[in-house]
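Worksheet for the structure shown next.
The values are calculated or read from the model by the stated rules, or taken from the named source; none is laboratory data. Since the structure is predicted, the reported quantities are computational estimates derived from the model, not experimental observations. Virtual Cβ from ideal backbone geometry, glycine too; neighbours counted across all protein chains shown. We work out accessible area using only protein heavy atoms, side chains counted, and drop any ligands, DNA or RNA first. Shrake-Rupley method; radii C 1.70, N 1.55, O 1.52, S 1.80 Å.
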Amino acid sequence: MGIFSLATRGMNAATQFKILQRHLFAFSKHLTAKKMWNFILSEYNSAAKKSRCLSYPYILKIEPSNICNLQCVYCYDNRRPPEKGERPYGRMSSRNFKKLIDEVGPYLFKVNLYGFGEPFLFPETFDMIKYATEKNIGVGVSSNLNIDDAMLPGKIVQSGLETLIFSCHGVTPENYAKFMVKGNMDLAMRNIKAVIKKRKELGSRTPLIDWQFCVTRFNQGELDIAKAMAKEIGIDQIRFIRPFFPDEAAEEWQSDLFPKNNFRPGVDNPPGCSWIYRSAYINYDGNLLPCCRDFRRMSNDFGNVFTESFAAVWNNDKYVNSRKLVANPKDKSIHCDTLCSQCPVTYTE
């Protein structure tokens, strides 16, 4: 498990480095003595395979809402209604967000303020960005920018947002609409241009604009066009990544630029998991998951950080047993029935 292991899989090392750059920027910009000590403790916990952490995470992924205005293929099970035992649709309140930040914020370099919804649909997202920024935490948001609001670009730049991930998976209306169902490519492009223009007008260095382009077989011929478009518009960087489609997805969704079914636990990635020591995923309802796998089934939740403290959840029995299993996956005496026991990085071969 490398110190800078990343969840997103790009096409090459350069793509991965673009993600790493964002983290390093947040690290250097928001560094304090308390955060540095927490970082050292976190890495010690990880290296020593501790089951109980002496530290807090230093990056959090917090979902403002799982509601979205688009219906991208394979995203959130195509936006189907929740079934029994699954998480309903909803949004986080600013009050609950502030409660979480007040506890964990002194240890955080960064908050990724997005999950399985569109963050900019609701005004409280801008309150959250401002609050975290005022607490010396870098904030990143991923958005489809399919919002028809002339004030949106100004709100984004003036909020203090550090990184804006522009989610746009095509440069022709046909391929864009095929992937981003219900989306309007012209509206999205107008908005990203307006954000860049407003940033320049206000003399701001932020947000850094990071175009994330998920590659499929039907849009892989547009990569050079997308690169040229990004340069012309003034986008800071563009990343071409492999989307996480199910194995049964049709061939047109599986780009031949990526080998299919090539993940070999313990070979492509060493055993271990950085999430359980360095980060966590907070759903809009306060229910915590160790990562963003299997997010719909509420039985996977490790606890709720709104009804109890983050610290109490961070070292509860589910976390302790999961860390024990990840550290020693071949130990049959470890009783762990969390989603970590079903994860491919916890291999027992």
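Structure notes:
- Out of Ala177, Ala226, Ala188, sole residue that is within 15 Å of Ser143 (Cβ to Cβ) and of a type in the set (Gly, Ala, Ser): Ala188
- Taken over the stretch 59-83, the residue count meeting the criterion of being without any contact (Cβ under 8 Å) to a residue 12 or more places away in the chain and either of a type outside the set (D, E, K, R) or outside any loop (DSSP other than H, G, I, E, B) (or both) is 3.
- Members of the stretch 81-116 found to be within 16 Å of Leu289 (Cβ to Cβ), among the charged types (D, E, K, R) and surrounded by 16 or more Cβ atoms within 10 Å (Cβ to Cβ), listed by number: Arg87
- Residue in the stretch 300-307 that is among the hydroxyl-bearing types (Ser, Thr, Tyr), within 19 Å of the chain's Cα centre (by Cα) and open to solvent by 10 Å² or more (accessible area, probe 1.4 Å) present: no
- Residue within the stretch 334-348 that is farther than 25 Å from Leu60 by Cα, modelled with pLDDT under 90, hydroxyl-bearing (Ser, Thr, Tyr) and more than 21 Å from the chain's Cα centre (by Cα) present: yes
- Members of the stretch 209-249 found to be modelled with pLDDT under 95 and either part of a helix (DSSP H, G or I) or of a type in the set (Gly, Ala, Ser) (or both), listed by number: Ala249
- Residue match in the stretch 55-68 (condition: modelled with pLDDT under 90, open to solvent by less than 40 Å² (accessible area, probe 1.4 Å) and aromatic (Phe, Trp, Tyr)): no
- Scanning the stretch 228-244 for residues that are within 23 Å of the chain's Cα centre (by Cα) and open to solvent by 30 Å² or more (accessible area, probe 1.4 Å) turns up Asp236, Arg242, Phe244.
- Qualifying residue in the stretch 45-52 (condition: free of Cβ contacts under 8 Å to residues at least 60 places away in the same chain, surrounded by 14 or more Cβ atoms within 10 Å (Cβ to Cβ) and of a type in the set (Ser, Thr, Tyr)): no
- Residue among Asp77, Asp102 that is among the charged types (D, E, K, R) and over 22 Å from Asn304 (Cα atoms): Asp77
- The stretch 207-225 - residue that is open to solvent by 20 Å² or more (accessible area, probe 1.4 Å) and among the polar types (S, T, N, Q) and, of those, farthest from the chain's Cα centre (by Cα): Gln220
- Enumeration of residues in the stretch 84-124 that are outside any helix (DSSP H, G or I), over 23 Å from Phe302 (Cβ atoms), out of contact with any Lys or Arg (no Cβ under 6 Å at 6 or more places or on another chain) and in contact (Cβ under 8 Å) with a residue 24 or more places away in the chain: Glu118
- Selection over the stretch 315-331 of residues that are surrounded by fewer than 21 Cβ atoms within 10 Å (Cβ to Cβ) and either in contact with a strand residue (DSSP E or B) (Cβ under 7 Å, 6 or more places away or on another chain) or assigned to a helix (DSSP H, G or I) (or both) gives a count of 7.
- For the stretch 20-58, a residue qualifies if it is closer than 25 Å to Asp102 by Cβ, more than 21 Å from the chain's Cα centre (by Cα) and aromatic (Phe, Trp, Tyr), and exactly one does: Trp37.
- Candidates are the residues of the stretch 9-44 that are β-branched (Val, Ile, Thr) and surrounded by 15 or more Cβ atoms within 10 Å (Cβ to Cβ); the one that is modelled with the highest pLDDT is Ile19.
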